[in-house]
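The values are calculated or read from the model by the stated rules, or taken from the named source; none is laboratory data. The structure displayed is predicted, hence computed values, not measured ones. Cβ atoms come from the backbone with ideal geometry, glycine included; neighbour counts cover every protein chain shown. Only protein heavy atoms, including side chains, enter the accessible area calculation; ligands, DNA and RNA are left aside. Shrake-Rupley method; radii C 1.70, N 1.55, O 1.52, S 1.80 Å.
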Amino acid sequence: MMTSRKFLAALALPALFSPLASAQAAEMIADGAFDKGSDTVWASGGVNLSREDGQLCASIPAGGQAWDRLIGVNDLSFIADTPYLFSVRLESSEPRKIPVLVQRNEEPWTAQASFNVASDATLQAFSSVFRAKEGNSAQVIFQLGGAQAPWRMCLDVLSVREASAEEMAQAESKPQMLVPDDASPRVNQAGYFADGPKRATVLSEGQEPLPFQLVDAAETVVGEGMTEPMGFDATVEAGTQVADFSKFQTPGEAYKLVVGDKASQPFSIGHDIYSRLRIDALSWFYPQRSGTEIKGEIAGRPMRARPAI
């Protein structure tokens with residue numbers, strides 16, 4: 001599995017994907033072809049990286065949320081309101097749709113762009129043009145957590161550079177979505193009050209209501225209903241529908257909303273779901289302080305420790 005070499009990949013996908021061949025813009029990813037051993041890709045959440053036959057391979061543990069297992073590249077410098085081309089060629093030990101984010105390098109992690117990249121046991125190519133929203137130092141991250149069993153992914157090529165006029169024109173001629181229409185239902189991951197409104201957003205280009213189910217931690221169906229089409233939403237550039245399950249009032253943890261074969265992130269229903277907000281707020285404000293030493297064990301990560309400024 002995953003022993004493809006660069007020259008074989010080039011023969012297999014010459015017309016489909018050649019992000020490093022551009023002469024009109026400088027490449028922003030160091031050693032994005034992974035053939036010099038000088039890339040700067042990092043990993044977290046137990047993900048192990050190895051360089052194999054001109055590829056960067058990641059061994060990903062099972063479990064966690066998508067954002068609990070990451071690989072990424074930091075310190076990318078964008079020019080605000082400038083179009084860029086993101087490109088990747090990859091393969092994985094099992095079919096996956098991998099969330100990829102271009103975002104600020106530090107809190108509040110402002111998003112520049114978001115993609116869902118499909119991968120399987122054969123090399124797959126993906127590219128998309130996005131327009132930078134700001135010039136702050138940025139990163140590209142791959143969210144790899146949430147699998148039921150350990151799995152592997154190998155990057156054959158990773159590229160970010162300014163888009164050419166032709167690439168920008170092609171992108172503008174197609175409808176672009178920050179989030180694909182097959183994304184999982186969007187829920188309040190903090191949870192819902194037992195006696196309050198409970199709604200989730202479903203991205204869909206369909207005009208007909210969709211059936212949905214509410215399942216508990218044991219995957220038992222505890223509620224069901226039909227979504228309400230809401231039309232086009234310019235904020236996500238996609239059609240949306242709303243699933244309302246306000247009538248369900250049984251407190252519990254790890255509920256999920258399921259529409260078709262897509263399940264939401266787990267959430268809770270209860271009477272005290274926002275009790276952690278004061279802790280989360282203090283955890284955010286504490287590292288922002290100046291004039292006092294910041295301790296890593298309080299800030300939540302050793303890398304956040306620093307002397308008084």
> Using modelled amide H (1.01 Å from N, peptide plane; none on Pro or chain starts), what sits under 5 Å from the amide H of Ile294, excluding residues fewer than 5 places away?
Replying inline: Arg306, Ala308
> How large is the accessible surface per residue of the chain, computed with a 1.4 Å probe and reported in Å² as a whole number?
Replying inline: 53
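Please compute the Kirkwood hydrodynamic radius over the chain, one decimal place, Å, based on all pairs of different Cα atoms. Write out the running numbers ahead of the final one.
On the way: mean 1/r = 0.0462 Å⁻¹.
That comes to 21.6 Å for the chain.
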>> Using a Cα-Cα cut-off of under 17 Å, which aspartates and glutamates could be cross-linked to Lys198, ignoring same-chain neighbours fewer than 8 residues away?
In response: Asp216, Glu224, Glu228, Asp244, Glu253, Asp272
>> 7 Å from Cα along Cα→Cβ at both Asp233 and Arg301: what's the point-to-point distance in nm?
In response: 2.8
>> Taking θ = phi - 60°, what integer Hz values does the Karplus form 6.51 cos²θ - 1.76 cosθ + 1.60 yield along the range 211-228, in sequence order, with x for Gly and Pro?
In response: x, 9, 10, 9, 10, 8, 4, 8, 6, 7, 6, 10, x, 7, x, 10, 6, 10
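When the accessible area of the range 28-102 is computed with all protein chains present and a 1.4 Å probe, what percentage of it is carbon and sulfur? Show your work: numbers first, answer last.
Numbers: 1450 of 2950 Å².
Here carbon and sulfur together make up 49 percent of the probe-accessible area.
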> Which ³J(HN,Hα) values in Hz, rounded to whole numbers, follow from the phi angles of the range 268-283 under the Karplus curve 6.51 cos²θ - 1.76 cosθ + 1.60, where θ = phi - 60° and Gly and Pro get x?
Replying inline: 10, 10, x, 10, 9, 6, 9, 5, 7, 4, 5, 5, 4, 5, 5, 5
